[in-house]
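Some notes on the structure that comes next.
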Amino acid sequence: MKILKNIALSDTGFVFNPSTGDSFSVNPIGLSILKDFKDGKSEADIKKRLLSEYQTDRETIEKDLYDFMKMIEQLHLTEYHEQA
Amino acid sequence: MNKRKLTIAVTGLNNIDSPGPGIPVIRALKDSTKFDVRIIGLSYDALEPGIYMHDLVDKTYQIPLPSAGQQSLLTRLTYIHNTEKIDVIIPNFDAELYNFIKLQDTLKEMGIHSFLPTLNQFEERQKWSLPEFGSKYGIEVPKSKMIHSIAEVHTLAYEFGYPLVVKGKFYDASVAYSPDQAMGYFNKINSKWGLPIIIQQYTQGTEVNLTGIGDGKGNLIGAVPMRKTYITDKGKAWAGVALEDPKLMDIAKQLVKGNKWRGGFELEMIRTTKNEYYLIEINPRFPAWVYLAVGSGQNHPEALVQMALGENVAPFESYASGKMFVRYSYDQIVDLKEFETISTMGEL
């Protein structure tokens, strides 16, 4: 998944899309995932990191990450929507 | 650096819920690094809030309504000029622009400079000419037509479908979802602004606007796009944010290059989910949110004054996206004597 290049991510979890003017707040986990995607990491890399950092099972991480990815896609924060 | 002293007359002091651009333009001029300005407010109504903003407006004069004609306006401006020695005049209302454009050469001979669109530029972007304007300059425009009678509303369902947009010739626009609503808006807008009424196809998408300034030679001197983030029940922006929108900037450049726009302007566009842009209106003056451009790094009113005085201005190269404006209301306490003076003497 490719996050739009011009998305501004603040350390406080504030996310700003300068193309649409939309802004959002994410929690620290969401912020770390967005940063990873922005740095070009793959979904598999992110799953691996989350599994090592949090005491939970693979299934929960896959489900939550999938939900989060769908959400950021719906919020037009991904390149897919930019091209649509 | 010594700032050049100038006396600048500005209209549009109605800083109300549907604000005129006068006060934001004055704030921009007060922020100028080049000019030390004395502001002469020109008002139409004794309750325009700018009249009483003495930190921004040094002196205000009432001027005749546009319907009184050019000669009345000229007589009044001559009187004001004899006292105030106006260097530059900035009209900020669509409805008054025709008179100011027609008078600009006479005013210049008197020493009052302005920087206005030509009459042709002003006329060809009128709401009822927008489809021709769009095709001439290669900009998508929603289908629209003028109607002159309420009986014509019945024909709209077939031609446009519902919803559709009912617009006044100068101001006001409402989305009608049925013929009954369309007739209601027709009557309401007609009673306020007169005929014709413009019917426009409704375009689904996000409204994005751009405030810009052209040098009259085909160059876009400055431009800042904005999305409204809080909208009043009159459809006006109460808050907005400066956008990064290269496609909209390209449209503005293309337009200014094509028609050599002279002066400030506002583009009102709809951006669809497919990233297509439709021009719904072009205003021939700065919008009321023009101070966002100043806050984002481009002082358009200052550039306009420079060009009015015959100076060459280099195009702004950047602005800060993400800058926001948030309006507020404020109760000014006004002495009755002041209201009495502007009401009876026509100046304050």
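The values are calculated or read from the model by the stated rules, or taken from the named source; none is laboratory data. These numbers were taken from a predicted model, which means no experiment stands behind them. Quick reminder, even Gly has a Cβ in these numbers, built from the backbone with ideal geometry, and neighbours come from all protein chains shown. Heavy atoms of the whole protein, side chains included, go into the accessibility calculation; ligands, DNA and RNA do not. Shrake-Rupley method; radii C 1.70, N 1.55, O 1.52, S 1.80 Å.
Counting the residues of the stretch B:227-264 that are on the phi < 0 side of the Ramachandran plot and either within 12 Å of chain A (Cβ to nearest Cβ) or in contact with a strand residue (DSSP E or B) (Cβ under 7 Å, 6 or more places away or on another chain) (or both) gives 26. Flag set for B:Gly205, criterion: within 14 Å of chain A (Cβ to nearest Cβ) and either modelled with pLDDT under 90 or open to solvent by 10 Å² or more (accessible area, probe 1.4 Å) (or both). Of the residues in the stretch B:281-292, not one is among the charged types (D, E, K, R) and within 14 Å of chain A (Cβ to nearest Cβ).
Listed residues B:Ile199, B:Ile231; which is more than 21 Å from B:Gly295 (Cβ to Cβ) and not aromatic (Phe, Trp, Tyr)? Sole residue among the options that is more than 21 Å from B:Gly295 (Cβ to Cβ) and not aromatic (Phe, Trp, Tyr): B:Ile199. B:Gly214 passes every criterion in (1) within 14 Å of chain A (Cβ to nearest Cβ); (2) modelled with pLDDT of 95 or more apart from (1).
Conditions (1) within 14 Å of chain B (Cβ to nearest Cβ); (2) under 10 Å from the mean Cα position of the chain (by Cα); (3) at pLDDT 95 or above; (4) surrounded by 15 or more Cβ atoms within 10 Å (Cβ to Cβ), marked per residue:
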{"residue": "A:Ile7", "(1), (2), (3), (4)": "yes, no, no, yes"}
{"residue": "A:Thr20", "(1), (2), (3), (4)": "yes, no, no, yes"}
{"residue": "A:Leu31", "(1), (2), (3), (4)": "no, yes, yes, yes"}
{"residue": "A:Asp39", "(1), (2), (3), (4)": "no, no, no, no"}
{"residue": "A:Ser42", "(1), (2), (3), (4)": "no, no, no, no"}
{"residue": "A:Asp57", "(1), (2), (3), (4)": "no, no, no, no"}
{"residue": "A:Leu65", "(1), (2), (3), (4)": "no, yes, yes, yes"}
{"residue": "A:Ile72", "(1), (2), (3), (4)": "no, yes, no, yes"}
{"residue": "A:His76", "(1), (2), (3), (4)": "yes, no, no, yes"}
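Each row is one residue, and each column tells you yes or no for (1) in a helix (DSSP H, G or I); (2) under 30 Å from B:Val57 (Cα atoms); (3) modelled with pLDDT of 95 or more.
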| residue | (1), (2), (3) |
| --- | --- |
| B:Ile86 | no, yes, yes |
| B:Asn92 | no, yes, yes |
| B:Ala95 | yes, yes, no |
| B:Thr106 | yes, yes, yes |
| B:Pro117 | no, yes, yes |
| B:Leu130 | yes, no, no |
| B:Val141 | no, no, no |
